[in-house]
């Protein structure tokens, strides 16, 4: 473990750019911390933090000038590894035949700065889905191949966070090249940096940073332990998959989905939701066609369209599908829960539906006397601004 | 190049502002392709020269508001192989359907010195209330790329790719942080059909619902949430009474908010 200061961290941005990376990281835009290109530490949300609750997100300025004292915003890294829209191939008519023109995979190399432990776990889930066995997603493979990941441990989890429940944080597991923990120590602002790969080690060598003292390492460990106790939400996951598997006819789904708008926001912000649709677009003359992959959602009617009609007509059936897939059937399908506890679906649901509350209800129903999965620190919602 | 008879397109106007048919002329970059693929046979906004029907595709803009138009739309249907209603007026009755919630005679008395000369219907209704429509393209105004896609699909005899999902799908894919969540703004995006590219939220303005109710829309739940945030019923009525006021789920919601005790259906 070594200690970086602001300048050495900035040198890392420069070193990454010099090595041909497109550097993506958190930055402030439109009242939120989003993920976009960042050229230096100055593009980071310096001095910004956020307040999050179900259906509410507010940016807040704080004085200390921290770079990473916020939790996840509306974007997840899947924007860059599994883009919302992707051309798969083109086709054109030629001499009475159809010629396929493959789309060249991107040669852009991404460096992701500030990947939270929960999101790191989400990338791990996508790796298993897209890179394992025979079903390799070639575009994902190309984007993943050259990826450089700088993870950042969470010292200040948010109100809608529950990564400890899902076993994904607040300390980064595996899968990063570098991992940072941001520390303020006697007016010193620095970053404890560890490496997780050969590329990460090489980067640290380039930055020539001093080693961290054992006392500081201990202090950091203590803070991360404390952070694990500061989650705003939690889910009891033992037996949950079984409970949900047996919940198909449970009348509670009616209540749970009554407020659902089937707008699909939860699936768009979820770092693991990867459902997509494939569309063929023709030109007016019918001479050329393009096949495009686009993010889709189990909350859309067309998503479950088969011959004869839409399979999941009701919002109830769509909501139930999403929750049970995420927290239950995902395990059978991909060998882990589909939820990493990032809390985005709770914060970014426009009407504030809380998956931890819904999961907790099934637990409560089965074991009324046991400690329920608590939902704490709820704040009153702010008054909305009418549109007209 | 082999000479093939190009399919004929006609554009018809009913009660409307002309904005949707203008989308066709607005195609600029694509206009030459359009003219290359089809013969624009009847399009008074673009040319006085007209070619007799029948037409392969008729684009119908506007709602039915007069007895004369209620009769004329049947003639349009008879000369059209495929008839596509374009825009909020043609698909939902438009902004002029606000009259449907009031007394139209009262309006004519207020507006015209000699209301006896006004021949108008009590309600402004979508084209599909009068004749069979082959496709409805939503929007106020329609999106020109969606228009091209629909023409394209009909020419190539395939399904148009016009998703019925929410504006949120486009908003999120564009990377715009949700206005409801990040600012507490009232936005109709979650109950409105996509198609505009989520322009208003991208400019920090809540969705007005120009593309009408999305498939399986739940305006009741959204309205209840707004109400919890301090928007009263009177404002909720106005929120849902825009360009698609008479489209079923929006109409039901605004009527429910006018009744003393709003209850779910």
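Identify all residues within region A:303-322 that are closer than 25 Å to residue A:135 by Cα and either away from every other protein chain (no Cβ under 13 Å) or loosely packed, with under 15 Cβ neighbours inside 10 Å (or both); write none if there are none. Walk me through it before giving the result.
At the first step, the residues of region A:303-322 found to be closer than 25 Å to residue A:135 by Cα are A:303-306, A:321-322.
Selection gives A:305, A:306, A:321, A:322.
Which is in contact with a helix residue (DSSP H, G or I) (Cβ under 7 Å, 6 or more places away or on another chain) and in the same structural domain as residue B:130 (by TED's automatic domain parsing), of B:118, B:95? Lay out the reasoning, then the answer.
Working: B:95 fails: in contact with a helix residue (DSSP H, G or I) (Cβ under 7 Å, 6 or more places away or on another chain).
From the options B:118, B:95, the qualifying one is B:118.
Looking only at residues of region A:30-65 that are assigned to a loop (DSSP other than H, G, I, E, B) and within 12 Å of another protein chain (Cβ to nearest Cβ), we find that the one that is nearest to residue A:342 (Cα to Cα) is A:54. The single condition among (1) assigned to a helix (DSSP H, G or I); (2) out of contact with any strand residue (DSSP E or B) (no Cβ under 8 Å at 6 or more places or on another chain); (3) modelled with pLDDT of 95 or more; (4) more than 8 Å from chain A (Cβ to nearest Cβ) that residue B:250 does not satisfy is (2).
Output yes when any residue across region A:81-89 is modelled with pLDDT of 95 or more, under 22 Å from residue A:177 (Cβ atoms) and outside any helix (DSSP H, G or I), and no when none is.
Yes - at least one qualifying residue is present in region A:81-89.
If you go through region A:243-263 one residue at a time, how many are free of Cβ contacts under 8 Å to residues at least 60 places away in the same chain and in a helix (DSSP H, G or I)? Can you show your working first?
Within region A:243-263, the subset free of Cβ contacts under 8 Å to residues at least 60 places away in the same chain is A:246, A:249, A:251, A:255, A:258, A:262.
Applying the additional criterion that residues be in a helix (DSSP H, G or I) yields A:255.
Of the residues in that region, 1 qualify.
For residue B:219, are the conditions met, namely being under 18 Å from residue A:264 (Cα atoms) and in contact with a strand residue (DSSP E or B) (Cβ under 9 Å, 6 or more places away or on another chain)? Walk me through how you get there before you give the answer.
Values: under 18 Å from residue A:264 (Cα atoms): yes; in contact with a strand residue (DSSP E or B) (Cβ under 9 Å, 6 or more places away or on another chain): yes.
Considered against the rule, which asks whether it is under 18 Å from residue A:264 (Cα atoms) and in contact with a strand residue (DSSP E or B) (Cβ under 9 Å, 6 or more places away or on another chain), residue B:219 comes out as yes.
Of everything in region B:223-246 that's facing chain A (nearest Cβ under 8 Å) and within 25 Å of residue B:96 (Cβ to Cβ), which residue is surrounded by the most Cβ atoms within 10 Å (Cβ to Cβ)? Can you show your working first?
Our first condition is that a residue be facing chain A (nearest Cβ under 8 Å); within region B:223-246, this holds for B:224-226, B:228-231, B:235, B:238-239.
Next, from what is left, pick out any that are within 25 Å of residue B:96 (Cβ to Cβ): B:235, B:238-239.
Working: B:235: 17, B:238: 16, B:239: 26.
Looking at the filtered set, the residue picked out is B:239.
A residue that is touching a helix residue (DSSP H, G or I) at 6+ places or on another chain (Cβ under 6 Å), at pLDDT 95 or above and within 13 Å of chain B (Cβ to nearest Cβ) cannot be found anywhere in region A:329-342. From the list A:116, A:144, the lone residue that is farther than 13 Å from residue A:71 by Cα and either surrounded by fewer than 24 Cβ atoms within 10 Å (Cβ to Cβ) or under 14 Å from the mean Cα position of the chain (by Cα) (or both) is A:144. Is it the case that some residue within region B:178-200 is without any contact (Cβ under 8 Å) to a residue 12 or more places away in the chain, surrounded by 18 or more Cβ atoms within 10 Å (Cβ to Cβ), within 10 Å of chain A (Cβ to nearest Cβ) and touching a strand residue (DSSP E or B) at 6+ places or on another chain (Cβ under 6 Å)? Yes - at least one qualifying residue is present in region B:178-200. From the list A:193, A:209, A:172, the lone residue that is buried (at least 20 other Cβ atoms within 10 Å of the Cβ), more than 30 Å from residue A:353 (Cα to Cα) and touching a helix residue (DSSP H, G or I) at 6+ places or on another chain (Cβ under 6 Å) is A:209. Can you say whether residue B:216 is at the interface with another protein chain (Cβ under 7 Å from one of its Cβ atoms), over 16 Å from residue A:350 (Cβ atoms) and at pLDDT 95 or above, as far as the supplied structure shows? It is false that residue B:216 is at the interface with another protein chain (Cβ under 7 Å from one of its Cβ atoms), over 16 Å from residue A:350 (Cβ atoms) and at pLDDT 95 or above.
Cβ separations smaller than 6 Å between residues 6+ apart or across chains give the following pairs from region B:11-39 residues that are away from chain A (no Cβ under 11 Å) and over 22 Å from residue B:195 (Cα atoms) to residues that are surrounded by 15 or more Cβ atoms within 10 Å (Cβ to Cβ) and at pLDDT below 95: B:39/B:6. Just so you know, in region B:159-174 the residues that are more than 7 Å from chain A (Cβ to nearest Cβ) and out of contact with any strand residue (DSSP E or B) (no Cβ under 6 Å at 6 or more places or on another chain) include one that is farthest from residue B:85 (Cα to Cα), and it is B:174.
Filtering region A:41-68 to residues that are crowded, with 22+ Cβ neighbours inside 10 Å and free of Cβ contacts under 8 Å to residues at least 60 places away in the same chain leaves only A:45.
Taking the condition within 27 Å of residue B:119 (Cα to Cα) and touching a strand residue (DSSP E or B) at 6+ places or on another chain (Cβ under 8 Å), does residue B:104 pass?
On the way: within 27 Å of residue B:119 (Cα to Cα): yes; touching a strand residue (DSSP E or B) at 6+ places or on another chain (Cβ under 8 Å): no.
Answer is no for this residue.
Residue count for region A:264-297 satisfying the condition of being in contact (Cβ under 8 Å) with a residue 12 or more places away in the chain, part of a loop (DSSP other than H, G, I, E, B), within 10 Å of another protein chain (Cβ to nearest Cβ) and crowded, with 17+ Cβ neighbours inside 10 Å: 3.
Filter region B:141-157 for residues that are part of a loop (DSSP other than H, G, I, E, B) and more than 7 Å from chain A (Cβ to nearest Cβ); which is modelled with the lowest pLDDT? I'd like the intermediate steps shown before the answer.
Filtering region B:141-157 down to residues part of a loop (DSSP other than H, G, I, E, B) leaves B:141-143, B:156-157.
Of the ones still in play, those that are also more than 7 Å from chain A (Cβ to nearest Cβ) are B:141-143, B:157.
Values: B:141: 97, B:142: 98, B:143: 97, B:157: 88.
My answer is B:157.
Given the criterion within 10 Å of another protein chain (Cβ to nearest Cβ) and either within 21 Å of residue A:184 (Cβ to Cβ) or in contact with a strand residue (DSSP E or B) (Cβ under 7 Å, 6 or more places away or on another chain) (or both), identify the matching residue among A:6, A:79. Going through A:6, A:79 in turn, the sole match is A:79.
The single condition among (1) without any contact (Cβ under 8 Å) to a residue 40 or more places away in the chain; (2) within 18 Å of residue B:251 (Cα to Cα); (3) in the same structural domain as residue B:97 (by TED's automatic domain parsing) that residue B:221 does not satisfy is (3).
The values are calculated or read from the model by the stated rules, or taken from the named source; none is laboratory data. None of the values given here were measured: they were computed from a predicted structure. Ideal geometry is used to build each Cβ from the backbone, glycine not excepted, and the neighbour counts take in all protein chains shown.
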